[in-house]
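Here the structure is laid out as structure tokens; the discussion comes afterwards.
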Amino acid sequence: MRPSRPIIGLLVFLGASLSGLTQTPTATAAAGAATGASAASVQPLYYPSMGDLMTMLVQPRHIKLGLAGKAQNWVYASYELTELRNTFGRIAHTIPVYRTMDTSQMLMAIMERPLDALDHAIIAADPARFATAYAALTAACNACHAAEQHPMIVIKVPDRALFPDQDLRAKP
């Protein structure tokens, strides 16, 4: 069976889109010029800022981790904790130096202790210990914001679920 034209078009579009993600801006512009596209029609690569990454990646993980712990869904809390750790690693890879600081060292110095404390609370399935560790993580976020001249960004323990399509209370 032959794929339909819309499917072929979608595959060509996806292939072209994905190949553009690995090219440098100069290579993307050169590719556009080689195909006859004007410089104005070549889509520039997107470089997220630290604020973008925090809002897109860290904040949802922080929220879900807090809600899972509050619901005592330890399996899901463990998952979100792992995802949050990995997110910090991806941020450090994406922005190796933030202002003048090594991002990886900065994040480890600020987040390692609270994340480890959360890990121990989750393993122990201890709601009180989790609440204390989560409050420490939240305080570490706010201390980092203040240190980086963003004291107006104040993170708090979530008081309601912002993900209406996900039941964080469900336990496996």
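I need every pair where a residue in the range 132-154 that is farther than 16 Å from Thr55 by Cα has its Cβ under 6 Å from the Cβ of a residue that is modelled with pLDDT under 95 and of a type in the set (Phe, Trp, Tyr), sequence separation at least 6 or different chains.
none
For Thr35, which of the numbered conditions (1) of a type in the set (Val, Ile, Thr); (2) at pLDDT below 95; (3) under 20 Å from the mean Cα position of the chain (by Cα) fails to hold?
(3)
For the range 93-109, does any single residue satisfy the condition of being surrounded by 19 or more Cβ atoms within 10 Å (Cβ to Cβ), under 12 Å from the mean Cα position of the chain (by Cα) and not hydrophobic (A, V, I, L, M, F, W, C)?
No, that holds for no residue.
Every residue, every condition in (1) within 20 Å of Lys171 (Cα to Cα); (2) in a helix (DSSP H, G or I), yes or no:
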position: Arg61; (1), (2): yes, yes
position: Gln72; (1), (2): yes, no
position: Met108; (1), (2): no, yes
position: Leu115; (1), (2): no, yes
position: Thr132; (1), (2): no, yes
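Among Thr87, Thr28, which is modelled with pLDDT under 95, outside any loop (DSSP other than H, G, I, E, B) and crowded, with 18+ Cβ neighbours inside 10 Å? Write out each step before concluding.
Working: Thr87 fails: modelled with pLDDT under 95.
Going through Thr87, Thr28 in turn, just one is modelled with pLDDT under 95, outside any loop (DSSP other than H, G, I, E, B) and crowded, with 18+ Cβ neighbours inside 10 Å: Thr28.
The values are calculated or read from the model by the stated rules, or taken from the named source; none is laboratory data. On a predicted model such as this, the values are computed, not experimentally measured, just so you know. Positions of Cβ are generated from backbone atoms using ideal geometry, with glycine treated the same way; all protein chains shown enter the neighbour counts.
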